[in-house]
1. Kindly state, to the nearest 0.05, the FRET efficiency for residue A:307 paired with residue D:56, given R0 = 60 Å and r defined as their beta-carbon distance.
2. Placing a label point 7 Å from Cα toward Cβ, how far apart in nm is residue A:341 from its equivalents in the other copies, listed shortest first to one decimal?
3. Can you tell which of B:215, B:32, B:324 shows the greatest fluctuation in a Gaussian network model of chain B with Cα springs below 10 Å?
4. Computed on alpha carbon atoms, what radius of gyration and Dmax characterise the range C:5-135, expressed in Å?
5. Can you grab the distance from the C-alpha centre of the range D:41-65 to the C-alpha centre of the range C:116-146, Å, no decimals?
6. In square nanometres and to one decimal, what's the mean projected area of the convex hull around the Cα atoms of the protein assembly as shown?
7. Which chain D residue comes nearest the axis with its C-beta when you rotate D onto C, and by how many angstrom?
8. Suppose you put the label 7 Å out from Cα in the Cβ direction; list, shortest first and in nm with one decimal, how far residue B:183 is from each other copy's label.
Protein chains: 4
Amino acid sequence: MPKPKLNVAMIGYQFMGRAHSNAWRQVARFFEDLPYEPVLKVVCGRNADAVSKAAEQFGFEESSTSWEEVVARGDLDVIDVCTPGDSHLPIVLGAAAAGKTILCEKPLANSVAEARQMRDAAEAAGITHMLCHNYRRAPAVQLAKRIIDEGRIGRIHHYRGTYLQDWIVDPEFPRVWRLEKAKAGSGALGDIGSHSLDLGRFLVGEIAEVSGLLETFVKERPLEDGSGMGAVDVDDAALALVRFENGAIGSVEGTRFAPGRKNYNRFEINGAKGSVVFDLERMNELEVYEEEGPDSGFKTILATDEAHPYIAAWWPPGHIIGYEHTFTHTVLDLLRALHEGVKPTPNFEDGLANQLVLDAIERSAVSRKWEDV
Amino acid sequence: MPKPKLNVAMIGYQFMGRAHSNAWRQVARFFEDLPYEPVLKVVCGRNADAVSKAAEQFGFEESSTSWEEVVARGDLDVIDVCTPGDSHLPIVLGAAAAGKTILCEKPLANSVAEARQMRDAAEAAGITHMLCHNYRRAPAVQLAKRIIDEGRIGRIHHYRGTYLQDWIVDPEFPRVWRLEKAKAGSGALGDIGSHSLDLGRFLVGEIAEVSGLLETFVKERPLEDGSGMGAVDVDDAALALVRFENGAIGSVEGTRFAPGRKNYNRFEINGAKGSVVFDLERMNELEVYEEEGPDSGFKTILATDEAHPYIAAWWPPGHIIGYEHTFTHTVLDLLRALHEGVKPTPNFEDGLANQLVLDAIERSAVSRKWEDV
Amino acid sequence: MPKPKLNVAMIGYQFMGRAHSNAWRQVARFFEDLPYEPVLKVVCGRNADAVSKAAEQFGFEESSTSWEEVVARGDLDVIDVCTPGDSHLPIVLGAAAAGKTILCEKPLANSVAEARQMRDAAEAAGITHMLCHNYRRAPAVQLAKRIIDEGRIGRIHHYRGTYLQDWIVDPEFPRVWRLEKAKAGSGALGDIGSHSLDLGRFLVGEIAEVSGLLETFVKERPLEDGSGMGAVDVDDAALALVRFENGAIGSVEGTRFAPGRKNYNRFEINGAKGSVVFDLERMNELEVYEEEGPDSGFKTILATDEAHPYIAAWWPPGHIIGYEHTFTHTVLDLLRALHEGVKPTPNFEDGLANQLVLDAIERSAVSRKWEDV
Amino acid sequence: MPKPKLNVAMIGYQFMGRAHSNAWRQVARFFEDLPYEPVLKVVCGRNADAVSKAAEQFGFEESSTSWEEVVARGDLDVIDVCTPGDSHLPIVLGAAAAGKTILCEKPLANSVAEARQMRDAAEAAGITHMLCHNYRRAPAVQLAKRIIDEGRIGRIHHYRGTYLQDWIVDPEFPRVWRLEKAKAGSGALGDIGSHSLDLGRFLVGEIAEVSGLLETFVKERPLEDGSGMGAVDVDDAALALVRFENGAIGSVEGTRFAPGRKNYNRFEINGAKGSVVFDLERMNELEVYEEEGPDSGFKTILATDEAHPYIAAWWPPGHIIGYEHTFTHTVLDLLRALHEGVKPTPNFEDGLANQLVLDAIERSAVSRKWEDV
């Protein structure tokens, strides 16, 4: 019996578009029990030539230059939003109004108000909505979640989340859109710090209050068009101390000024009975310490056993998977949730919750004191 | 201008079939300058239902139960051989006779005589032939090759190749086909030791002579059908000392009896000025030592920079790739070679050369003395 | 020509006494050019039997139960203070008044007022004074200092100092003296967080302001004498965001609640051109990243080359040294400074500076806002 | 009650003399229950000035230029032989004839005949004799032994011992005594390969047969006195395949041509249920894998717990020890054995056994076939 088809439209076709389209193509090839057969219907962007080329490259049947037309089409089931953050709001509102299932790339919005509006609209429309915080779906991160939920490291005392990159440390690096507040909302904070926050919320719990610090080391950079220098009005680095509602304490950091750290999304969690450590640059591994006497030690679990999350569909033990697989798993879980009629996570509720924390950090950076979330 | 299409038939659809079909699907999605557009025409296997299901799963247009019919079809350009080693010979001979381009999974054959026959047939037919030793095309391995070729570690003195796994260490693990000489040709030697050999030949040079040791720790195992015990007539572990033609010395090892080593395909190469170390379980990394005074040290290069082999087509720095990408790169280089009219490597000549080394190790294990290759 | 003798008295003989006495014994055995020959004259403690046994064990000529008598003796040159922090003040004041050279274990004092008094007294007396922050003198830490001072990692943007231990995570662990504010001054903050602070000051610069957080997870514990439960009035964990005077930002943390981290005194420093990382559990290694194109990577320098600080006196490359050697190097540098008539570092000025930062963290933890140092 | 004194004479005062004298000085300072108090009586060497300086440096009461006189003295209990291998025979025979306890640095001899003569003489004299293979007494190595003996990794299948250094890879490095067969006996084989062999015998069992390979990459080097070039007549690198009597198989390697490997004495042992890995450059750590389901992984045990061998006498968990401590532990166990009237291990019997394996490797390198030990 053939599976029901699910027609997918993707808005945006840059870096995230490449990752998302791959996920839509691959998920049915590896997960045999997938409840739907995704069909890559249409990809949408502003430049007709470029989006047409993207359609061919990524395997979409058609391309479009109007997201308004796309969300209005009756033959589409899912709208996958891969554009920069400043356009999420209208697209999501439009797609929600049209009753589509929505997958939206993080961060959900550039402000709390926007995030709340999107969450409310999606809920009011009764649609299925999901936020793409893909790192939750690295098998090793899911394994960390399982170990924590099983109580194997006990009550959590500490969370240390750091997301370090180095791509703008050179002051001659140009003032790209990610360094403009109007387009990107914030700098390292929303781009990568938000991942550390989301993983903290996923693995430890809700954050109650924060003390934040934002810093811009290089305050102006060459404009991309060569016409001179432009101001950098977002943070190069964001740090925060955090208190979780459950009593755990911790720190969260995102910076683009850490030479040698290419994509170092690391967390360490210490509980009453053990610890777990993850580093995205070695995303197939989870370091786990369980207290069991003098011969205890951090062990490196290669999260590629068929008993580990998602892995049975891929390769035998020891054959590692890559970055893009985390998106495939996200799509997989969206389709499963859709089929089962349950809410996928993270969803727009989480997007709002994350935005509230980001907002508290920004407020704290100004007030120079602890701020409630 | 649309790219010329290249019609692909794949014989076999198990583990390797999954990896190869993924490569054929993905290569055009990520490598924009690919000279052809591969079309997954037909997959072939003995069980009609299973192969039909595989066709759907892997995205082939059709399925077939007769490789003879497949290789005889006029509309197919490439025959991709993914079956166990004992069936490579007839399929390759048939495909060569039909003038097809052939990609054959390693090891090329179960004996030197077979390998030579295949090499000769392919050469006589004037076809393009390639052997799938996929690990050559991990970016970090290609980076090692580049570093060596640039003379950065100097003349090579030592090669240490070890491929360790642990999947049959339990004596209750059944006597599967890989443990039968008639089907698999050999055990750890041909299955994984052959990778260490191939990497040695790729990175260091031709092997002149060997002293080998083969061991079967568990000499009989439960039959899969539950009908009793069956003899294991292949090696559980294979070790060899080797001398290269260029004066380097080394060791090569394959074993399935190393608990905790899931897919530990590691090599260390020491030259006069530096060293390189690779481990497949961390396949995105290359450890490199270059002698430059007291502050020298092994550095871990995350081989994900856009300047690194193959990577620009995938993701930004620090976003790692997985096991299956090595197959995609293999297909990529086959298509490029086909387009440019040059011989891809490794090809059936390498398959024969590898088989000669394996044969020398087996002879040495019996004679208990050094044997020329 | 025999070297001039230097008569040493040590006050205290527990853990630190063992480490300091070893340093006094070993320094002349390995550093041939030592300007003095230290003589272990007298060790002092309150329990006559125990201190007598310690004298024999550690190789002192005599023992004493009165530090007042010891500091008053005319035949002693150096007073080495190894007692808990609450007794540093009177001993240091006495020794300074007597014109002795003083080596004092960290933290210098339990309060800013005490530290200032000690600094002032030592300066007024014109004596040579040194604070024993031994980790500054791990060769790998000195190498980090050299690399930073040579400008090899450029202007510093980030400091991340974390000192993690796990010895009190069990709530049944007793309420020892280190968990009493009256004796220990503070908990993780002064005991281990102070090391992270001191290393930050040593390697990055002076700290201008902080936002701190202190937490006590287990608020009462069994008394050691079995008479019931006692309150824990010091911090189990201390975290702070910090801003350095030179514009660098960072975080400092000390906790005794990190299972598996036995003595994990780690720092990571990111500059404009590179990074350095140190971990005390692998104290012979320094990880260094220097940006030099696509093949850059963190390299592990085994800081055991004869060109590395202190090492020529010990063993050949690759033969590692241990924890106690950092104390031997401290004593070495004290004796060299004494001989050359220069101020050793860190000294009581640093002790005061560190105390000011600790104090600001404590104030901030109460005020819940940033505090100037 | 004071401990009985034990008067120690040390023959030789170079690198090993420094390590041994440190052990004799330190053992009583840290191991409170030591049954004797060692007294460093006399150090012996050929150069009167140099040995006199060494006596002062190392803390010996006297120096001597005649080992014959030293071994003949009635007031000495222990003769500690730290000279190069070509002088071990006469000194040991003399000391044995005089009834002294002997500690002899490895390798025991430069030939099987010499080793047998020394073993026989020591046994005939009824003296206590010990061979200083110090690496057996790294706590992590003892922990490996304990884990193996407790059956935690099951029956052993594989031993991989590699000892890699890089100090002569430069062809301009001079022809020092260690590169002369007449003085050193052999090159990498006896110097460092012998450690890998000894650890194999200690941890796995007796070696039954070997297939060996010796290579000299640089066949002549500058003489130290600048008078021209001299032949190198020892091996730069030694490799062997080995079969143990108990059925385990493995490899052993020593080389001085591995850039970046300063003192990389590594072994990996695979048993039926687990694996252990040790690397001397991180000598406080032991990597252990115990098969216990999907969440198994190699764990890094920091062998610094008070429950670990020798450690309670040193420092708290996480405070690492260094290279020289392995000698202190050797002396400790010699004194304990002497006190208890039992044979310490390794002793001259082991020295002979090791020499027999080295000899078999040398024979095999010539015969080019497997040789029995």
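All of the numbers you see were taken from the coordinates with simple rules; none came from a lab. These numbers were taken from a predicted model, which means no experiment stands behind them. Glycine also receives a Cβ, built like all others from the backbone with ideal geometry; neighbour counts cover every protein chain displayed.
1. Numbers: r = 65 Å, r/R0 = 1.08.
Once the sixth-power term is evaluated, E becomes 0.40.
2. So the label point of residue A:341 gives 6.5, 8.6, 9.2 nm to the other copies.
3. B:32
4. In order Rg, Dmax, the Cα atoms of the range C:5-135 give 13.8, 40 Å.
5. The range D:41-65 and the range C:116-146 have Cα centres spaced 36 Å from each other.
6. 56.7 nm²
7. Of all Cβ atoms in chain D, the one nearest the axis gives D:322, 2.
8. 5.8, 6.2, 7.0
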